[in-house]
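The next block holds one structure in the form of structure tokens; read it before the comments.
Laboratory data are not the source of any read-out in this text; all were calculated from the coordinates shown. The structure presented is a predicted model; accordingly, all values stated were derived computationally and were not measured. Note: ideal-geometry Cβ built from the backbone for every residue, glycine included; neighbour counts use all protein chains shown.
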Amino acid sequence: MTTETTATTSGATESPAMRMMGLLYGSVVGRLVSIVAEFGVADLCADGPRGVDELAADTDADPDTLYRMLRALAAAGVFTEVAPRTFALTDLGTTLRSEVPGSMRDHARNWGSAEYLHTLIGLGGALRTGRPSFDTHHGVDWWSYLAAHPRRAQVFDRAMGNRARQIAAAVLAVCDLSGVRRLVDVGGGQGHLVAAVLDRYPGIEAVVLDRPEVVAGAAAVVGGRATAVGGDFFAAVPPGADRYVLSSVLHDWADDDAVTILRRIREAMDPAGRLLVVETVLPEGDEPHLGKLLDVLMLALVGGRERTEREYAALLDRADLRIEEIVPTATPVGVLVAAPA
Ligand SMILES: C[S@@+](CC[C@H](N)C(=O)[O-])C[C@H]1O[C@@H](n2cnc3c(N)ncnc32)[C@H](O)[C@@H]1O
């Protein structure tokens, strides 16, 4: 056992035992973020600091409980207590507002859902079985569950939309799509990435492929600027594009399923075409990376996985594709540019 310590703000050192306590209590912060997102507290602070009693009245909450939750979140940098029992948003807390650039409110609500919490509780069982704990708890896989629960699916799709907007901006900052004729976003959700592409490159003929119940919502995002195709990417993808995009799709699937999706794209792709795989690319070793936590959610929820560069290379090779380059972005995801092998 090592005995290394870290410095605290008072200059004293924090023992491994206290750091362990910090790790364990970290899950409380995530829970509180989801709760205040659900109650819409950040929107109520949009115009400036608010007293807890007013906020409690507006959200039908118990004032003392709300105070203690906001105090804990202020300690985590999400709010700031500008006067006794009066809270304002920080930049971090502003991401919990609805409909602002960078909004993560729906993402936070999705994370706090009963389904996600049960899935995380079931991780110990997953460790024994190697099976997604979601399937064990609910008796169906995540995608079938969403198809049967449209209101829950709406929260999930909106959560994906929050993240997709951030990722699209980061990808477009590093990927030049000038000269691209036709682009197909495979598993493109409600079309947030395609909408961002078209804002910058209005001449591209763009297609969003997703499950029929999901692309039904794409019209509201892309308008008449792109074609929305309801389908199954294990069966076929729209052909003839010079750019295909797979953003946060391969990580939902175990290797054999991921290879099937890649093969469908390889069959559809122009010989001179390219596939852009937008995913976290895990660093080897101990380096901290958000993808290493997302990986655990993937195994529990859908039986998918985050992958290293080597693992992506092996997956692409099975579909007759090769990595041409990996372009980092300002977010935890990178863009793997793949070409026919
Ligand atoms: C994690 S989401 C990513 C969505 C979007 N690409 C993004 O970056 O936000 C995975 C997407 O794959 C879609 N999907 C799952 N199974 C599918 C299938 N068999 N055929 C087509 N799309 C599917 C889901 O509906 C969902 O929109």
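Semi-axes of the equivalent ellipsoid of the range 97-219 are 31, 16, 14 Å, computed as sqrt(5λ) over the eigenvalues of the C-alpha gyration tensor in descending order.
Restricting to bridges with both residues inside the range 217-341, how much of the DSSP beta-bridge set is antiparallel, in percent to the nearest 5? It would help to have the intermediate numbers written out before the result.
Numbers: 13 of 20 bridges.
Around 65 percent of the beta bridges assigned by DSSP in the range 217-341 are antiparallel ones.
Annotation for the range 216-235 versus the range 31-65: alpha-carbon center distance of 36 Å.
Note down the net charge around GLY40, summing +1 for each Lys or Arg and -1 for each Asp or Glu among other residues with Cβ under 13 Å from its Cβ. It works out to a net charge of -2. Based on alpha carbons, the Rg and Dmax found for the chain are 21.8, 65 Å.
Residues with beta-carbon under 13 Å from that of GLY122, excluding GLY122: net charge, scoring Lys, Arg +1 and Asp, Glu -1? Could the numbers behind the result be given before it?
On the way: positive: ARG128, ARG131; negative: GLU115, ASP135.
Result for the neighbourhood of GLY122: 0.
The amide H of VAL335, built 1.01 Å from its N in the peptide plane, has VAL327, THR329 as neighbours under 5 Å, considering only residues 5 or more places off or on other chains. Packing order of peptides 277-286, 83-92, highest average first: 277-286, 83-92 (average count of other Cβ atoms within 10 Å over each peptide's residues). Here the range 169-231 has an Rg and Dmax of 11.0, 32 Å, counting Cα atoms alone. The 3J(HN,Hα) values that the Karplus relation (6.51, -1.76, 1.60; θ = phi - 60°) gives for the range 301-313 are, in residue order, 8, 10, x, x, 7, 7, 9, 7, 4, 4, 5, 5, 4 Hz. Gly and Pro appear as x. Charge dipole (Cα centre; +1 on Lys/Arg Cβ, -1 on Asp/Glu Cβ; no other charges) of the range 6-97 amounts to roughly 440 debye. Length available on full extension from THR65 to HIS149: 0.36 nm per residue minus the Cα-Cα distance, which gives 27.1 nm. Per residue, the convex hull spanned by the alpha carbons of the range 6-97 comes to 107 Å³.
Mind ranking 315-328, 183-196 by how tightly packed they are, going by the mean number of other C-beta atoms within 10 angstrom, highest first? Numbers along the way, then the final one.
Numbers: 315-328: 16.3, 183-196: 26.0.
Peptide ranking by packing, descending: 183-196, 315-328.
Computed over the Cα atoms of the range 214-341, the ratio of the radius of gyration to the Kirkwood radius (Rg/Rh) comes to 0.97.
Highest mean first, what order results for 300-310, 56-66 on Cβ atoms within 10 Å?
Details: 300-310: 19.8, 56-66: 14.0.
Packing proxy ranking, top to bottom: 300-310, 56-66.
Summing +1 for each Lys or Arg and -1 for each Asp or Glu among the other residues whose beta-carbon sits under 11 angstrom from that of TRP142 gives -3. Working note: Karplus 6.51/-1.76/1.60 with θ = phi - 60° gives the range 203-220 the couplings x, 6, 7, 10, 10, 10, 10, 7, 4, x, 6, 7, 5, 4, x, 6, 4, 5 Hz, where Gly and Pro are set to x.
Could you tell me what percent of the DSSP beta bridges with both partners in the chain are antiparallel, to the nearest 5? Each step should come with its number before you reach the end.
Values: 21 of 41 bridges.
So the antiparallel bridges amount to about 50 percent of the total.
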